[in-house]
Amino acid sequence: MSTTTLHSLTDQIQSFIDATGAEFGVSVLHLESGEEININADASFPMASVLKIPVLCAAFRQIEQGQFALTDRWELTVAEKNIGSGILTWFDDGLRPTVRDLLTLMMIISDNTATDMIMHRVGVAEIDAFMKELGLAHIHMAMDIHGIFDDIMGEENSDPRRLFVDLNKKRQAPPTRRDGSAYSPGPDNNASTPRDMTRLLRMMARGEVVSTQACGNMLYIMLQQQLNQRLPRFLPYGIPFAHKTGTLGGIRNNAGILYAGDNSHVAVTVYCRWDMDAVSGDKVAEDKRTHELDGVFGHIGLALYEHYKDAQPSDQAQQVQLPYVAKG
């Protein structure tokens, strides 16, 4: 892994980004060697559902403190239900999933209802404060998932109970606003820089968030990810990638740890702001554009894998102990 080769990899990633005309922020850290790639890495972006990584960390902190346990069961109620991704919205009230179930649903299918059940128990302010305690001054948590949709769509349109009134009724898509807090890059939103999110991932890999056991449990959950059409998109089958996606209109994100080899791991965050208004109302054009952008994520992920898959540890290498995952 020569400096020249690293420069070539950086140029390759930059060329993928430049071809889109969208705004990207990229932070890459090879955990063993300490090599970095930073492209617009200190710009702040809305995290969208990548916020669920800080939520996961704060939840495990409170578990470690004895405030609740992975085996506790919390009751599902309509007050917790959310529109958007996930399945719990459609389940009967009274269901009592375990905390482990909720954390798993939150991370691997981005279930918004499971997320708010966790966030309401842990506390949004507490999650934000924990990030600051870890030294991550540029990871901000300001609202729960329902708050995001209230800000974008208005409380009436974001109320999940409207979904249950008449599923066969033709409805127009509600107007969305992008000048409120949910699209802000500042501390009034759930926002972060790519660099700080990659720093959080590095800390998880080193067992420095809560405890080594907690980090192992968190990464194990993230390795079960079902939404694999961005950074892992073009990876060979069976390559482990502990990661989380994030999506809003005009926002596409992905962050995680790529298990490139037995002695080679890559923490990577890629955030993207794109021109959704240019294709608004045209489903074909929107699909084409999002497919193009997701392809760029995939090319970045594959380029990182190809570069680091054969990396060998050196005397200066950081020792990284991540949950074992059988390949194949």
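Descriptive notes on the structure:
- Applying a threshold of 6 Å to beta carbon distances and a minimum spacing of six or more residues, or different chains, the list of pairs starting in the stretch 99-117 at a residue that is on the phi > 0 side of the Ramachandran plot and of a type in the set (Ser, Thr, Tyr) and ending at one that is assigned to a helix (DSSP H, G or I) and crowded, with 24+ Cβ neighbours inside 10 Å reads SER110/SER49.
- Among (1) under 30 Å from TYR183 (Cβ atoms); (2) over 20 Å from the mean Cα position of the chain (by Cα); (3) part of a helix (DSSP H, G or I); (4) not charged (D, E, K, R), the one test that GLY21 misses: (3)
- The set of residues in the stretch 27-44 that are within 12 Å of LEU6 (Cα to Cα) and either of a type in the set (D, E, K, R) or not assigned by TED's automatic domain parsing to the domain that holds GLU306 (or both) comprises GLU35, GLU36.
For (1) in contact with a Leu (Cβ under 8 Å, 6 or more places away or on another chain); (2) part of a loop (DSSP other than H, G, I, E, B), each residue gets a yes or a no:
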site	(1), (2)
LEU231	yes, yes
GLY238	no, yes
HIS243	yes, no
ALA267	yes, no
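- Applying the criterion of being more than 19 Å from the chain's Cα centre (by Cα) and outside any strand (DSSP E or B) to the residues of the stretch 32-60, the residue that is surrounded by the most Cβ atoms within 10 Å (Cβ to Cβ) is GLU32.
- Close pairs from the stretch 69-95: first of a type in the set (Lys, Arg), partner at pLDDT below 95, Cβ under 6 Å, at least 6 apart: LYS81/THR89; LYS81/PRO160
- Residue match in the stretch 201-214 (condition: out of contact with any helix residue (DSSP H, G or I) (no Cβ under 7 Å at 6 or more places or on another chain), of a type in the set (D, E, K, R), part of a loop (DSSP other than H, G, I, E, B) and not assigned by TED's automatic domain parsing to the domain that holds LEU134): yes
- Residue match in the stretch 85-102 (condition: over 20 Å from LYS244 (Cα atoms), outside any loop (DSSP other than H, G, I, E, B), over 19 Å from the mean Cα position of the chain (by Cα) and at pLDDT 95 or above): yes
- Single unsatisfied condition, ALA79 versus (1) part of a strand (DSSP E or B); (2) surrounded by fewer than 15 Cβ atoms within 10 Å (Cβ to Cβ); (3) small (Gly, Ala, Ser): (1)
The values are calculated or read from the model by the stated rules, or taken from the named source; none is laboratory data. Computed from a predicted model, the values in this text were never measured in an experiment. As a convention, Cβ positions derive from the backbone with ideal geometry for all residues, glycine included, and neighbour counts pool all protein chains shown.
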